[in-house]
Amino acid sequence: MIKIKFNISYFLLTLALFITEVLIATKLKDIFFVRAYLGDVIVVMLLYTFIKSFFIVYNNQKLIAGIFIFSCLIECAQYFNIAEKLGFQRGSLMYIVIGNSFSWIDILCYGAGCLLMFLLLKVKSKN
């Protein structure tokens, strides 16, 4: 059973993470580590907070696992140039969102982001 409920705290966190991602993509794009790795770590957290902004999730571990699987599927779709096959023009928003190059390191970054999210939730639950 899925319950829909707006959560302003998660929504504001989602906005902050989204702004961070935009800054990484536009202003910090020349700093290789930040652009290549940190953005991929943060994007899974962005997905988590976005979902939690609108839905009550009773099992955060399953949500984190689902986000990791989803991220891996998107990364695998990049291997097959799915953005181009769907007709998105290079440089378009959807082309950028889907991505255009497969990388095992990206999958490691998604895993690191999910692990970090899991650990943050564990610490939060102890307080």
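Applying the set (1) in contact with an Asp or Glu (Cβ under 7 Å, 6 or more places away or on another chain); (2) open to solvent by 50 Å² or more (accessible area, probe 1.4 Å); (3) of a type outside the set (D, E, K, R); (4) assigned to a helix (DSSP H, G or I) to residue 107 leaves exactly one unmet item: (2). A search for C-beta distances below 9 Å between a residue of the stretch 26-42 that is farther than 13 Å from residue 111 by Cα and any residue that is at pLDDT below 80 and assigned to a helix (DSSP H, G or I), counting only pairs 6+ apart in sequence or on different chains, returns 28/35; 29/35.
Looking for whichever is surrounded by 11 or more Cβ atoms within 10 Å (Cβ to Cβ), in contact with a Cys (Cβ under 7 Å, 6 or more places away or on another chain) and of a type outside the set (Asp, Glu) here; the options are 55, 68. Which one fits?
None of the other options fit; the residue is 68.
When each of 14, 49, 20 is tested for being within 16 Å of residue 110 (Cβ to Cβ), free of Cβ contacts under 8 Å to residues at least 40 places away in the same chain and surrounded by 16 or more Cβ atoms within 10 Å (Cβ to Cβ), the lone residue that passes is 49.
Listed conditions (1) assigned to a helix (DSSP H, G or I); (2) open to solvent by 70 Å² or more (accessible area, probe 1.4 Å) are all met by residue 29, apart from (1).
Each residue in the stretch 81-104 was checked for being surrounded by 12 or more Cβ atoms within 10 Å (Cβ to Cβ) and either at pLDDT 95 or above or not in a helix (DSSP H, G or I) (or both), and 7 of them qualify.
The sole residue among 18, 6 that is closer than 21 Å to residue 117 by Cβ and assigned to a loop (DSSP other than H, G, I, E, B) is 6.
When 61, 78 are screened for being modelled with pLDDT of 90 or more and open to solvent by 30 Å² or more (accessible area, probe 1.4 Å), only 61 passes.
The values are calculated or read from the model by the stated rules, or taken from the named source; none is laboratory data. Predicted model only: the values in this text are computed from it and were never measured. Quick reminder, even Gly has a Cβ in these numbers, built from the backbone with ideal geometry, and neighbours come from all protein chains shown. Each accessible area value is taken on the protein alone, full model and side chains, heavy atoms only, with ligands, DNA and RNA left out. Shrake-Rupley method; radii C 1.70, N 1.55, O 1.52, S 1.80 Å.
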